[in-house]
1. Sort 232-245, 21-34, 90-103, 136-149 by the packing proxy (mean of other Cβ within 10 Å over each peptide's residues), most packed first.
2. Once a ≥ b ≥ c are taken as the square roots of the eigenvalues of the Cα gyration tensor of the range 13-63, is the result rounded (a/c under 1.5), prolate (a/b larger than b/c) or oblate (a/b not larger than b/c)?
3. What residue among 328, 191, 286 has the largest mean-square fluctuation in a Gaussian network model of the chain, using Cα springs under 10 Å?
4. Once you have a ≥ b ≥ c as the square roots of the Cα gyration tensor eigenvalues for the range 146-268, tell me rounded if a/c is under 1.5, and otherwise prolate or oblate according to whether a/b is larger than b/c.
5. State the extension gain, in nm to one decimal, for the chain segment bounded by residue 299 and residue 195, taking 0.36 nm per residue of separation less the distance between their alpha-carbons.
6. Among 126-135, 256-265, how do they line up from the highest to the lowest mean number of other beta-carbon atoms within 10 Å?
7. Using DSSP, restrict attention to beta bridges with both residues in the range 5-203 and report what percent are antiparallel, rounded to the nearest 5.
8. With just the Cα atoms of the range 208-307, tell me how far they stretch along each of the three principal axes, in Å, largest first.
C-alpha cells in the first residue's frame, strides 16, 4: 500500500453503497476519508462502520465543497496525493492500483479515469454531451482529455495547493482540470470500467450541465482575450493573479459575467477569429495554444456557431424517432464539428 496516498469520497445519501466502496478502497489504500455531505440517511454511520474516517457536513453543499474539505484534510495529515472516488458504486475500487502505477510514472500529473472506450455502455445523450464538453475543456487545458467528466481521479496535492478553487458542486472538477492544464500541467488517463447501476447519480443533467457549460465558456472567453493580445502565451492561468478568479470572488459579478459570456459566445468567437487572422502582424504567435494545433481558429469558430444548433437538432431527432424515423443527426454534427483536434499533433 502507498502510505503517501489516501482515498477521498464525497458522499450524499449513499448509505446503500458507501460501505462496499470504502471496504473496496481499503484493500488498496490504508486510509479513506468520506465527506458526508448533509445526508439524511445512514451514509456517515455506514462509512465509519466500514473503516472510513468521516467528515460530517451539516447541510448539503455539493460535491465541490466536499472535495475541498477532503483535500484540506489530506493536506493537514501530510499526504502527497489523493484518489477521489464517487460514493455510488460506479467506480471500481479494484482499479485504484492502475492510478497509483500511473502516478509512479508521472508524479506531477493529474490522473483521470476514462470511460470513453466503452461507448456502448454510456447513454447516447450523455456520451454526446461528454464529447462536446471535452472539446472545449481540452482547448482550455491545452491537451486532449478523453473523459473530462469522470470523478475517479488521482490528484497530487502540491497542484491542489497551487490553484484557487472558487466554484462549487459539479463545476469544481472541471475548474480543476482547466486551471492545471492552463498552467502547463499534463493530465494522464487510465481506462476504467463504465458502471451504471440502479443507485443512480445526483448529477442533474440540465442544471449541472448548464452550470459547467457556463463556467467553461466564461473561462475560455477570458483565456482567448488574454491569448489574443499576447505572444507565445498558451498557458494563461496564474493562481496569484487571474482575471477569471477575481470575477469569481464576487458572486453577483460572477453570475453576470457568465451570462454575458454565454450570450456573447457566438459574436465573440468571430471577434477572436479576426484577431487570430490580423493581429499576428503586430503580435506574433498570438493564440499560441490554437496555433500549436495547426487547425486554424475558423474550425473553433464554426463549432461555436453550431452549439445552439445541437439541441435544436436533438429535438427534431426525438420527434422523428417517435414517428418512426431512425435519425442520428446529433452524432453526425458532433463527429463533423467537434472532433479530436489533438490527434497526432501534440
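All of the numbers you see were taken from the coordinates with simple rules; none came from a lab. Everything quoted here is computed from the prediction, not taken from an experiment. Neighbour counts run over all protein chains shown; Cβ positions are idealised from the backbone, glycine included.
1. Descending packing order for the listed peptides: 136-149, 21-34, 90-103, 232-245.
2. Values: a/c = 2.26, a/b = 1.73, b/c = 1.31.
Prolate, because a/c is 1.5 or more and a/b exceeds b/c.
3. Top of the fluctuation ranking is 328.
4. On the way: a/c = 1.83, a/b = 1.29, b/c = 1.41.
Here the range 146-268 falls in the oblate category.
5. Working: separation 104, 0.36 × 104 = 37.44 nm, distance 3.40 nm.
In short, 34.0 nm is gained.
6. Going from most to least packed, we get 126-135, 256-265.
7. 25
8. Sorted largest first, the three principal extents are 38, 34, 19 Å.
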